[in-house]
Amino acid sequence: MAGVRTPFAKAGTVLRSVSAIDLGKRAVSELLQRAELDPGLVEMLVFGAVLQDVTAPNIAREISLMPLLPRGVQAYTVGRACASSNQAITDAADQIILGHAEVAVAGGAESLSNVPVLHSAGMSDALVAASRAKNARQRMSALATIRPKDLVPITPAIAEPTTGETMGESAEKMAKLNGILREEQDQFALRSHRLASAGTADGRLAEEIAPVWTGADLQTVVTADNGIRESTNIEQLSALKPVFDRKYGSVTAGNSSPLTDGASAVLLMSEERARTLGYTPMGFIRSYAYAALDPGEQLLQAPVLAAPVALKRAGLRLEDMDLVEMHEAFAAQVLSNLKGFESREWARRAGFDSPVGEVDRARLNVMGGSIAIGHPFGATGARITTTLLNELRRRDGRFGLMTVCAAGGMGFAMVVETE
Ligand SMILES: CC(C)(COP(=O)(O)OP(=O)(O)OC[C@H]1O[C@@H](n2cnc3c(N)ncnc32)[C@H](O)[C@@H]1OP(=O)(O)O)[C@@H](O)C(=O)NCCC(=O)NCCS
């Protein structure tokens, strides 16, 4: 496996004019160039995306149609909310294990600067009726049914369709249920920025980034993440007002992941094919697991159910992990997940007698996480996979655990291994 990503930029900033498809193409082309792989060897491409462009719903196929790749690369898009690129990776790995493919590209792309804005039902009805009209009179009378309220556009909310609760409200609820204080959340956010700043400054994060050229004449080049705040401090963070529960809340813009544009991609091969082509694998997928709970309960707590299963499938324990990478949707969620790992009650719910255990903070998100780096929903899983494997190799570590929480009350965990 090998991986790369575009810079992650806060939505509405430097990557706002680049579509998710183009971000995905950039990540994939850089990946293939860095790997010095003959593109003709790629058999399949799987990509994750959350807020999809309704005019190009199979984003993976659009990416695979870039000039670099042969038209015969079959491609499909997967959606598992924030774990979408994890789903892409495990799908591609499963196909390789089944013997259906030997070389695959998996990843994810998201442009939260370009979310689909929909017409209201009244507007849609009128437009459909007008398009079916047989003459100008019928068309005019169909359009005359449009009322001022029908003109209000519908933008996607980051909310659960079943409960109506937004992600931020869920994070607030989790903070309260698990006793996570505002101060702890801000400290965790500060840590994320500090570690991501250090990882950028010393080149460890920077080396995973593919430059993106933007603007009409492609004269502007974006080379770095723009959400990481080197100079943030606890005073600034603790001064921010809560966003999702303005009166009693603790979740702020500072201790949440920001809305982000970006894409990421990894290259997967059967071990045999990798060795035949002369590659040293960056790492191996040892095991993985998905889990789910009632989204009305603790929406982002399912990594606590997935991690023990992935560890069991790997035949390993938390103590065997040299590094742990957890997606940081919110500091309140990471801290709730960490408490859940230590809890007998959550262990029992996952079907185990003893808890996963206490994660050694010195091994956790050692180059920061989504709070500082950003979180383009569909792309985060592949970003974390690349970072985890690269850092394991740098440290001569062997095993790494990653977890990702996802909308719908879902969670993902994967154990990776380096040689
Ligand atoms: C929380 C959220 C609503 C904030 O959005 P926003 O208000 O546009 O955020 P901004 O980046 O403008 O930050 C708001 C303010 O906080 C400040 N701020 C943010 N992070 C800060 C930090 N680390 N240190 C200091 N100040 C910070 C900003 O400078 C800004 O200040 P200003 O108003 O004076 O300019 C948005 O990021 C969000 O919805 N995040 C959650 C995404 C989500 O649900 N993801 C799903 C997870 S699975």
Exercise. Of all residues in the range 223-233 being touching a residue at least 40 places away in the same chain (Cβ under 8 Å) and either surrounded by fewer than 22 Cβ atoms within 10 Å (Cβ to Cβ) or near the ligand (Cβ under 10 Å from one of its atoms) (or both), which is farthest from R5 (Cα to Cα)?
Worked result: N233
Exercise. Based on what the data block shows, is E183 more than 9 Å from the ligand (Cβ to nearest atom), modelled with pLDDT under 95 and of a type in the set (D, E, K, R)?
Worked result: no
Problem set entry | Where D261 falls short, out of the listed (1) open to solvent by less than 10 Å² (accessible area, probe 1.4 Å); (2) within 24 Å of L392 (Cβ to Cβ); (3) not hydroxyl-bearing (S, T, Y) | (2)
For this session: Could you tell me which of the residues G296, G283, G278 is of a type outside the set (S, T, Y) and closer than 14 Å to V416 by Cβ?
Result: G283
Problem set entry | Subset of the range 300-323 (residues that are open to solvent by 30 Å² or more (accessible area, probe 1.4 Å) and part of a helix (DSSP H, G or I)) | V309, K312, R313, E319, D320
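A quick yes/no check of all residues on (1) within 16 Å of the ligand (Cβ to nearest atom); (2) open to solvent by 10 Å² or more (accessible area, probe 1.4 Å); (3) of a type outside the set (D, E, K, R); (4) within 18 Å of I373 (Cβ to Cβ):
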{"residue": "K247", "(1), (2), (3), (4)": "no, yes, no, no"}
{"residue": "A253", "(1), (2), (3), (4)": "yes, yes, yes, yes"}
{"residue": "M269", "(1), (2), (3), (4)": "no, yes, yes, no"}
{"residue": "P295", "(1), (2), (3), (4)": "yes, yes, yes, no"}
Exercise. Take the residues of the range 12-48 that are closer than 12 Å to A109 by Cα and of a type in the set (D, E, K, R): which is surrounded by the most Cβ atoms within 10 Å (Cβ to Cβ)?
Worked result: R26
Problem set entry | the range 307-333, residues that are closer than 20 Å to L389 by Cα, within 16 Å of the ligand (Cβ to nearest atom) and touching a strand residue (DSSP E or B) at 6+ places or on another chain (Cβ under 6 Å) | E325, M326, H327
Exercise. Somewhere in the range 112-119, is a residue within 16 Å of the ligand (Cβ to nearest atom), within 10 Å of F47 (Cβ to Cβ) and either of a type outside the set (F, W, Y) or modelled with pLDDT of 95 or more (or both)?
Worked result: no
Problem set entry | Some residue of the range 219-228 being closer than 30 Å to E169 by Cα, small (G, A, S) and within 18 Å of the chain's Cα centre (by Cα) | yes
Seminar exercise, completed: Here the residues within the range 340-379 that are within 22 Å of R313 (Cα to Cα), part of a helix (DSSP H, G or I) and open to solvent by 50 Å² or more (accessible area, probe 1.4 Å) are R344, E345, R348, R349, R363
For this session: Please tell me if L51 is under 19 Å from F8 (Cβ atoms), out of contact with any strand residue (DSSP E or B) (no Cβ under 6 Å at 6 or more places or on another chain) and surrounded by 15 or more Cβ atoms within 10 Å (Cβ to Cβ).
Result: yes
For this session: State all residues of the range 89-124 that are among the polar types (S, T, N, Q) and within 17 Å of N58 (Cα to Cα); if no residue qualifies, say none.
Result: S111, N114
Seminar exercise, completed: Filtering the range 380-410 down to residues that are within 16 Å of the ligand (Cβ to nearest atom) and open to solvent by less than 10 Å² (accessible area, probe 1.4 Å) yields T380, G381, A382, R383, I384, M402, T403, V404, C405, A406, G409
Exercise. Can you find even one residue in the range 234-242 that is open to solvent by less than 40 Å² (accessible area, probe 1.4 Å), near the ligand (Cβ under 9 Å from one of its atoms), farther than 23 Å from A109 by Cα and free of Cβ contacts under 8 Å to residues at least 60 places away in the same chain?
Worked result: yes
Exercise. Restricting the first residue to the range 53-67 and requiring it to be among the charged types (D, E, K, R), which pairs with a second residue that is surrounded by fewer than 17 Cβ atoms within 10 Å (Cβ to Cβ) and in a loop (DSSP other than H, G, I, E, B) meet a Cβ separation below 8 Å and a spacing of at least six or different chains?
Worked result: D53/P116; E62/A56
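The values are calculated or read from the model by the stated rules, or taken from the named source; none is laboratory data. Worth saying up front: this structure is predicted, and the values here are computed from it rather than measured. With ideal geometry, Cβ positions are generated from the backbone for all residues, glycine too; neighbour counts draw on all protein chains shown. For the accessible areas, the whole protein counts, side chains as well, though only heavy atoms, and no ligand, DNA or RNA atoms are used. Shrake-Rupley method; radii C 1.70, N 1.55, O 1.52, S 1.80 Å.
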